[in-house]
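Heads up, the thing below is written out as structure tokens.
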Amino acid sequence: MKRLVGISIGSLQEKYGDKRALQIVSEIGADSADFSLEFSSNDYRNKDCVYSKGDSAVREYYSELKAYADSLGIIIGQTHGKLPGFKNIKEEDDALVENSRLDCIATAALGSPVCVIHNATSIFLGPDPDPELMHKLSFNMFSRIIPYAKENGIKIATETFGDAVRFSACDFFGNMSEFEKAYAAIKAVDELKDYFTVCVDTGHSNKAMRYNNPKPADVIRRIGKEVTVLHLNDNDTLTDQHKIPMTGTIDWKDVFDALDEIGYTGIYNMELALRHFGKDFQIETAEFAVKLMRYILKERYGE
């Protein structure tokens, strides 16, 4: 089995544009792109963006990008949808649903099977939010968005969280027990369960350890086969550095052991701060990261 290496390209898209970012993925030797749809400018309320032009325009634009990616021999392994999650502000929450509906259309047009969407977060609702409210927001958000995923033949992935950046506290859904409750609530709904999955962000889980949550490898073990996409990155447990694997504190042997134990067969996708060494050194940073991941996989699996 060939293990595929992927790279998240949001900052490359910002600097170079969508097509050039895809070309870079090919040039640096990756198999897959994690394509970003998360930009605040990519909002149907912004009259200058494709999302304001209607479903057909969205489908056409991203289908053309898929054809270009195909010509380069790369796949769009996953996309990243809008970031905020529900805030308990009706106008903003309704807008998030509509933008996520368009994200689903774009994801399908790109040929990607999964769109990663963040849950509601303590960043907006405070360090000690009402648990009942948080679970209500989570359920309402995903239960409104997932039908659009179903309609477009894709899945929505909820992402593991860490600490709440604005507070010295764990993000509400960075707490694994709360994350699991929220996930189980959606999986209990027959018409939604087959279109919902998990993206493990190793860096987020590494930060959540400070609040008595499991280490990244044990998060993977705990979620098991529900893990279908990854945001592999490293940090010092204190800040969301999105560093290249093996440059922080994560035990990567344990992470790969855990992925083997759950029978993971997906893409080894890295979500990194490509601007870490400078905005004009992103391509070199991404290229090194891909080479390193290939080296790790070769050393471990002989590929």
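The values are calculated or read from the model by the stated rules, or taken from the named source; none is laboratory data. Only a predicted model underlies this, so the values are computations on that prediction, with no experimental measurement involved. We place every Cβ from the backbone using ideal geometry, glycine too, and count neighbours over all the protein chains shown.
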Open item on the list: I need a count of the residues in the stretch 164-182 that are in contact with a strand residue (DSSP E or B) (Cβ under 6 Å, 6 or more places away or on another chain) and either closer than 16 Å to ILE145 by Cα or among the charged types (D, E, K, R) (or both).
Closed with: 1
Task: Verdict on ILE250 being crowded, with 21+ Cβ neighbours inside 10 Å and part of a loop (DSSP other than H, G, I, E, B) - done: yes
TODO: Scan the stretch 193-204 for residues that are surrounded by 20 or more Cβ atoms within 10 Å (Cβ to Cβ) and under 24 Å from HIS135 (Cβ atoms) and jot them down.
DONE: TYR195, PHE196, THR197, VAL198, CYS199, VAL200, ASP201, HIS204
- [ ] Can you work out which of the residues in the stretch 226-247 that are acidic (Asp, Glu) and not in a loop (DSSP other than H, G, I, E, B) is surrounded by the most Cβ atoms within 10 Å (Cβ to Cβ)?
- [x] ASP234
Task: Flag for PHE167 being at pLDDT 95 or above, of a type in the set (Phe, Trp, Tyr) and either farther than 30 Å from ASP55 by Cβ or in a loop (DSSP other than H, G, I, E, B) (or both) - done: no
Open item on the list: Exactly one of these conditions fails for ALA182: (1) surrounded by fewer than 24 Cβ atoms within 10 Å (Cβ to Cβ); (2) not in a helix (DSSP H, G or I); (3) not aromatic (Phe, Trp, Tyr). Give me its number.
Closed with: (2)
TODO: For VAL114, indicate whether it is in contact (Cβ under 8 Å) with a residue 12 or more places away in the chain, aliphatic (A, V, I, L, M) and surrounded by fewer than 20 Cβ atoms within 10 Å (Cβ to Cβ).
DONE: no
Open item on the list: If LYS207 meets every condition in (1) crowded, with 24+ Cβ neighbours inside 10 Å; (2) part of a loop (DSSP other than H, G, I, E, B) apart from one, which number is that one?
Closed with: (2)
